[in-house]
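Just below is one structure, and these are the notes that go with it.
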Amino acid sequence: MYSIELTIKLSPLPLIVQRKVHGDAQRLYCEVIDAIKKGNQMFLELTCEKVEDKKITVLVSEIIAVQIYEKTSSSGSSKRPGFSIQN
């Protein structure tokens, strides 16, 4: 399972939707990035494959970060999202 996580301005909790296939998750990630870059879309509606009927609509101008990461089903944990700085 792959998670696409959106960080929203002034919100302490991220918005997360999930995709079963990496290619689908990557396409959604790119769709969000394109919406931010182009700025011609006011709202973006996202659905989740893990939780049926879960939908969120976000104001594109309020998205400040987006990341994609894999959640492993065997242990229920996820690969640690975020970035590390290496010298």
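Here are some notes:
- Inter-residue pairs, beta-carbon under 6 Å, first within 16 Å of Ile33 (Cα to Cα) and in region 46-74, second assigned to a loop (DSSP other than H, G, I, E, B), 6+ apart: Val60/Gln41; Glu62/Lys9; Ile64/Lys9; Gln67/Pro81; Tyr69/Lys79; Tyr69/Pro81
- Arg19 at pLDDT below 90 and charged (D, E, K, R): no
- Condition check for Tyr29: at pLDDT 80 or above, in a strand (DSSP E or B) and either of a type in the set (Asp, Glu) or touching a strand residue (DSSP E or B) at 6+ places or on another chain (Cβ under 8 Å) (or both): no
- Selection within region 41-75 - under 17 Å from Thr7 (Cα atoms), loosely packed, with under 13 Cβ neighbours inside 10 Å and not small (Gly, Ala, Ser): Met42, Phe43, Glu45, Lys55, Thr57, Leu59, Glu62, Ile64
- Consider region 57-87 and keep the residues that are of a type in the set (A, V, I, L, M, F, W, C) and modelled with pLDDT under 90. The one that is farthest from Pro14 (Cα to Cα) is Ile85.
- Condition met for Leu10 (assigned to a loop (DSSP other than H, G, I, E, B) and of a type in the set (A, V, I, L, M, F, W, C)): yes
The values are calculated or read from the model by the stated rules, or taken from the named source; none is laboratory data. Everything numeric in this text was worked out from a predicted model, so none of it was measured. A quick note on method: Cβ atoms are made from the backbone with ideal geometry, for glycine too, and the neighbour counts reach across all protein chains shown.
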